[in-house]
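The values are calculated or read from the model by the stated rules, or taken from the named source; none is laboratory data. Just so you know, these numbers come straight off a predicted model, no measurement behind them. Quick reminder, even Gly has a Cβ in these numbers, built from the backbone with ideal geometry, and neighbours come from all protein chains shown. With ligands, DNA and RNA removed, areas are computed over all heavy atoms of the protein, side chains included. Shrake-Rupley method; radii C 1.70, N 1.55, O 1.52, S 1.80 Å.
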Protein chains: 2
Amino acid sequence: MKELIKNGNTVRAVDIKPLNKWYQHSAEADNLVLDLRLRENCYKAVNGYDEIFNLAADMGGMGFIENNKAACMISVLINTHLLLASKDCGIERFFYASSACVYNGDKQTDPDNPGLKESDAYPALAEDGYGWEKLFSERMCRHFREDFGLNSRVARFHNVYGPHGTYDGGREKAPAAICRKVIDAKLTGNKEIDIWGDGHQTRSFMFIDDCIKGIQDIMYSNIIEPLNLGSSEMVSINQLVDIVEEIADYKMMRKYDLKAPKGVRGRNSENTLIKKYLGWEPSITLRKGMKKTYDWINDEMLNERKENKGSNRFNI
Amino acid sequence: MKELIKNGNTVRAVDIKPLNKWYQHSAEADNLVLDLRLRENCYKAVNGYDEIFNLAADMGGMGFIENNKAACMISVLINTHLLLASKDCGIERFFYASSACVYNGDKQTDPDNPGLKESDAYPALAEDGYGWEKLFSERMCRHFREDFGLNSRVARFHNVYGPHGTYDGGREKAPAAICRKVIDAKLTGNKEIDIWGDGHQTRSFMFIDDCIKGIQDIMYSNIIEPLNLGSSEMVSINQLVDIVEEIADYKMMRKYDLKAPKGVRGRNSENTLIKKYLGWEPSITLRKGMKKTYDWINDEMLNERKENKGSNRFNI
């Protein structure tokens, strides 16, 4: 958003959450609180603008319990109503944030996974709930392009991390969770860290600045097929803990919780297509990105301690 | 609907079409014209009732051009909003009409297709547009059952035919189209019939009365997995023409239009599961059902000629 404003665009940001729960907001933007599951609100949201970025993904705060598969109805309603409103309001470009969850689960059982390439989505065995919704919605973006000329672009996001993201509450991803646990341990003198699974599961993590650059590269390109947008720098969760311990200069005992939700065994982004088409590659190493993330979470947690504040991070 | 009324139920029928365009309506029912793509209308539609049958399928009359894939957004909005309204209004049972379009296209290339069994839907390569929407919506019905206790049932409809269906305008299915063509030829003395494709493509057709019985059997059963609801009496389109010629007692020259839309090569219903679980099997042979259908279309066409009426079949 800041990037778009910096480039001279007039920006409207829309979320269902009350403003004081937003993780980020820019005073320069028109910030609206709207429930986009309703058609009329999608018209209100898009009217008068040229481009739409549908980044709706986090179902937290919508009153759904964890692992509630039906929650994906929210995304399908938002995207479908947004597409319709965009078509009717003459929107020029439409960006849709899909996800690595669309990929066939059978191809993610190996921790040495060489990377998921775009064609691995079909024949489909996506992640139950969310993955099927993303797959359906990216197809819908194509139909709106083919049938109505709505210029849609789709990126399949792999894990994104960085400052200004969720780091507690149970919905945070591994990089933020590990930073929080290490910082918390350092502050309290704890010497043990809980790790979900055996730590050998592999993932890749893309720093937020690379992601923002990639979104823009895809949005303003002529590439109409869904593209992976992720890092191909694969690490195990154990290696990620190593990195954070090194940044924190604090060594811990690892306690593996083998009963915790593990997710797929190995997931990595295969970036041949996006490199070929757009020359995009992550520019920030995991080590460097984790340092920035760690420092931000550290500041936040120190401030929280000082001010004894709850989840209301921004004093709006 | 008539069946439900006959059994002493209070019935509400909802369609977006104006009442004078409905193919059937019962004076005993509460007939509402509502656009169910809108959330508030779904609440209006389901409120005060115990059971919902979502049979929305025909996208004709919604202003979409033929083969417009984006039209499947209509069904996804209707089903998602209906599920939400049903959950919130305490609906006891929810029936969803899915379709054979969910099946993997690769399994339908052989005219001697032995039948599509339920597990053939995965890994998924459904029919573009409509098929993926049906697959997504049947999964959503499961999520609402698992997450919210909404008692959903799903049938995968194979071709249905019978009296009181569409027989002209381009959206009619083969049984009705062939009846209409033969009747029209007989009335005008034409000796030639146009057939889409080479006539060797195979299908199966379920008579409407069998379908209605099957819907009820599935709705009031404890079977929560999607079940095929179709006939396994496979015929080629040529054999279907033979049947109609025999009923009409009128032989014609066949002109094969190899450029016309052909659809899949072979599609048949595999009824092992529904037989095993519910003992359901079609009771009306294709020959017998086609006779009833032919007679009804014949009467309609004679009446139309007499009264020179358009598509407004019911004088409401």
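Summary for residue B:303: label point 7 Å along Cα→Cβ; distances to the equivalent points in the other copies, ascending, 7.4 nm.
For chain A, a crude dipole built from +1 on the beta carbon of Lys and Arg and -1 on the beta carbon of Asp and Glu, taken about the Cα centre, is about 320 debye to the nearest 20. Could you list which residues have their amide H under 5 Å from that of residue A:32, counting only those 5 or more apart in sequence or on another chain, with H placed in the peptide plane? Answer set, sorted by chain and number: A:13, A:14, A:15. Copy-to-copy label distances for residue B:26, where each label lies 7 Å from Cα along Cα-to-Cβ, are 5.9 nm in order of increasing length.
Accessible surface comparison of B:207, B:53, probe 1.4 Å, protein chains only, largest first: the order is B:53, B:207. Take the accessible area of B alone and of A alone, subtract that of the pair with a 1.4 Å probe, and the total buried over both chains is about 2800 Å². Here region A:41-174 is assigned +1 on the Cβ of each Lys and Arg and -1 on the Cβ of each Asp and Glu. Its dipole about the Cα centre then comes out at about 280 debye. Per-residue Karplus couplings for region B:130-136, computed as 6.51 cos²θ - 1.76 cosθ + 1.60 with θ equal to phi - 60°, are listed in order as 3, x, 5, 5, 4, 4, 4 Hz, Gly and Pro entered as x.
The H on the amide N of residue A:154, modeled in the peptide plane, is under 5 Å from the matching H of A:96, A:227, each at least 5 residues off or on a different chain.
Share of carbon and sulfur in the accessible area of the protein assembly as shown stands at 49%, probe radius 1.4 Å.
Here the Karplus curve 6.51 cos²θ - 1.76 cosθ + 1.60, taken at θ = phi - 60°, turns the phi angles of region B:111-128 into couplings of x, 8, 2, x, x, 9, 8, 3, 6, 5, 6, 10, x, 8, 9, 6, 5, 4 Hz, with x standing for Gly and Pro. Each stretch of four or more DSSP H residues adds -39500 (n - 2.57); spread over every residue of chain A, this sum gives -11500 deg cm²/dmol at 222 nm. Each copy carries residue B:2; placing its label point 7 Å along the C-beta direction from Cα gives inter-copy distances of 6.9 nm, listed from smallest up. Put A:160, B:33, A:46 in order of accessible area, highest first, and with a 1.4 Å probe you get B:33, A:160, A:46.
The mean count of C-beta atoms from other chains within 10 Å of the C-beta of residues in B:143-152, rounded to a whole number, is 3. When the Cα positions of A:4, A:135, A:230 are compared along the charge dipole of the protein assembly as shown, A:4 comes out farthest toward the positive end, with charges on each C-beta of Lys, Arg, Asp and Glu.
Work out the length of the dipole vector of region A:76-154 about its Cα centre, built from +1 on the beta-carbon of each Lys and Arg and -1 on the beta-carbon of each Asp and Glu, and round it to the nearest 20 debye.
Dipole of region A:76-154, to the nearest 20 debye: 360 debye.
Using the alpha-carbon positions of chain A, Rg (one decimal) and Dmax (whole number) come out as 19.6, 61 Å. May I ask for the distance between the Cα centers of region B:1-49 and region A:18-53, given as a whole number of Å? Measuring centre to centre over Cα atoms gives 36 Å. When the residues A:34, A:125, A:240 are ordered by accessible surface, computed with a 1.4 Å probe over the protein chains alone, the sequence from largest down reads A:125, A:34, A:240. Of all DSSP beta bridges confined to chain A, the antiparallel ones make up roughly 10%. When the GluC sites (Glu not before Pro) in region A:80-157 are filtered for DSSP coil states and for at most 14 other beta-carbon atoms within 10 Å of their beta-carbon, the remaining sites are A:92. Evaluate E = 1/(1 + (r/R0)^6) for residue B:171 and residue A:89, where r is the Cβ-Cβ distance and R0 equals 25 Å; express this FRET efficiency to the nearest 0.05. With R0 = 25 Å, the Cβ-Cβ based efficiency is 0.25.
Amide H contacts of residue B:197: B:257, B:258, B:259, B:260, each under 5 Å away and 5 or more positions distant or on a separate chain (H built 1.01 Å from N in the peptide plane; Pro and chain starts excluded).
The residues of region A:70-108 listed by number as losing at least 30 Å² of accessible area in the complex, against the isolated chain and with a 1.4 Å probe, are A:70, A:73, A:76, A:77, A:80, A:81, A:84. Loop-only trypsin sites (Lys or Arg not before Pro) in region A:211-273, please: DSSP not H, G, I, E or B, and at most 14 other Cβ atoms within 10 Å. Filter output for region A:211-273: A:251, A:259, A:262.
Looking at the protein assembly as shown, the accessible area is 45 square angstrom per residue; that uses a 1.4 Å probe and ignores ligands, DNA and RNA. The trypsin sites (Lys or Arg not before Pro) of region A:113-182 that DSSP puts in a loop, and whose beta carbon has at most 15 other beta carbons within 10 Å, are A:117, A:171, A:173. Let me make sure I get this right: for region B:183-301, a, b and c are the square roots of the gyration tensor eigenvalues over alpha carbons, sorted descending. Under 1.5 in a/c it's rounded, otherwise prolate if a/b > b/c, else oblate. Which is it? Prolate shape, in that a/c is at least 1.5 and a/b is the bigger ratio.
In order along region A:70-80, the Karplus-derived 3J(HN,Hα) couplings, from 6.51 cos²θ - 1.76 cosθ + 1.60 at θ = phi - 60°, round to 4, 4, 5, 4, 5, 5, 5, 5, 4, 5, 5 Hz, and Gly and Pro are given as x.
Cα convex hull, the protein assembly as shown: 171 Å³ per residue, rounded to a whole number. The residue among A:170, A:208, A:113 whose Cα reaches farthest toward the positive pole of the charge dipole of chain A, with charges on the beta-carbon of Lys, Arg, Asp and Glu, is A:170.
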